[in-house]
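Okay, structure first, notes after.
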Amino acid sequence: MNEATFTATTAWAAAMQDFSKEDRCEVYDAIFAYAAGDPLPEMSQAAAAAFAFARIDLDREAAKARNRSEKRRAAVNKRWSETRTTKETKPKTPKK
């Protein structure tokens with residue numbers, strides 16, 4: 001994923017409330033490793049299952065952020081290209 005930030009949800013904690021501390025730590029370590037783009041650590045089966053659900057949320061949020069960024073970039077480019085075109089084609093009026 002290779003993102004500097006991500007959003008954690010309370011649903012992840014609720015889903016893991018019956019996990020042992022070791023399993024929860026494995027999931028949290030995997031989430032941070034995945035977000036940073038690092039290789040995933042070894043996990044128990046329960047931790048791997050919980051991480052699979054968290055990864056779906058992480059990927060969805062990253063896709064939404066990329067989409068939002070692309071839309072904003074396109075809007076800025078459109079705005080600045082209109083300004084350049086208007087300035088280039090509009091003749092200057094003499095000052096009185």
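Here, each number is a calculation from the coordinates, and none is a lab measurement. Bear in mind that the values here come from a model prediction, so they are computed numbers and not experimental data. Using ideal geometry, Cβ is built from the backbone for each residue, glycine included, and neighbour counts are taken over all protein chains shown.
Numbers at a glance
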quantity	calculated
FRET efficiency, 1/(1 + (r/R0)^6) with R0 25 Å, evaluated for K78 and R55 via beta carbons	0.15
Estimated FRET transfer efficiency (A15, Q45; beta-carbon r; R0 25 Å; 0.05)	0.95
Loop-located GluC sites (Glu not before Pro) in the stretch 1-80 whose Cβ has at most 12 other Cβ within 10 Å (DSSP)	E42
Ratio Rg/Rh [Cα only; Rh per Kirkwood] for the stretch 10-89	1.34
Whole-Hz couplings from phi, Karplus 6.51/-1.76/1.60, listed for the stretch 51-62; x for Gly and Pro	5, 4, 6, 5, 4, 4, 5, 4, 5, 5, 5, 5
Candidates R79, R55, R24, ranked by Gaussian network fluctuation over the chain, Cα under 10 Å, top entry	R79
